[in-house]
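See structure below.
The values are calculated or read from the model by the stated rules, or taken from the named source; none is laboratory data. Source: prediction; values computed, not measured. No Cβ is skipped: glycine too gets one built from the backbone with ideal geometry, and neighbour counts run over all protein chains shown. Accessible surface areas use protein heavy atoms only, side chains included; no ligands, DNA or RNA. Shrake-Rupley method; radii C 1.70, N 1.55, O 1.52, S 1.80 Å.
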Amino acid sequence: MSSASSSVGRIAATVLAAGAIVSAAALPAAAHDGDRHHQQRPRVEISRVQADSPGREDRSNRSLNGEWVEITNTTRNPINLRGWTLRDSDGNRYRFDNVRIGSRATIRIHSGHGRDTRTDLFQDRRDYVWDNRSDTATLRDDRGRTVDTETWGRRR
C-alpha cells in the first residue's frame, strides 16, 4: 500500500505540473485575446483615399473633386458627424456640419466645390488638400479624439 500511495503521489504531482505548464502557456494567449478586444475596428473609419486626382492636375473644380477621402460607418446605426473633423498633415481641416452617415454607409469628401448629398460632401476649396506622395488623413470626433488615420508614402 505504501508503494501504491507513492505511485499515486507521483502521478498527482505529474498531473499538477502538467496543468501548471498548460496554464502558463494559455495565459499569454488569453491576454492577447483581451488585447484584440480593445483594438476593435473603429465605428467610423477612413475606408479609401484618392490623393492623386486622375488626369491633369490643373486646379479645375473637376480635378479638385478627383481627390477625395471616403469615410464608412461600420455600425448598424446611423451616426451624426456634427463637429467631427478631417485633417491632413499640413493642418488643412474640414469640419462636418449636421451630417448623418447611415448604417454601414460610406460618404466621400471631395476637395473642390459641389452640392452636398447623402453620399458626397464638398470642402469648397480652390486648391488640393492631399499630398500625392505622402500624407496622413486624420478623422477626429466632436471631442477631438482621433477615430482613425490613414497614412500613405513616407513623411520626411
Seminar exercise, completed: Accessible-area order for 126, 95, largest to smallest, probe 1.4 angstrom, reads 126, 95
Seminar exercise, completed: In order over the range 119-127: 3J(HN,Hα) from phi, Karplus 6.51/-1.76/1.60, θ = phi - 60°, whole Hz, x for each Gly or Pro, gives 10, 9, 10, 10, 7, 6, 9, 10, 9
Problem set entry | Most to least accessible of 96, 122 (protein chains only, probe 1.4 Å) | 122, 96
Exercise. What is the distance, in nm, between label points placed 7 Å from the Cα along the Cα-to-Cβ direction at residue 126 and at residue 89?
Worked result: 2.7 nm
For this session: Just subtract the alpha-carbon distance of residue 142 and residue 48 from 0.36 nm times their residue separation and send over the number in nm, one decimal.
Result: 31.7 nm
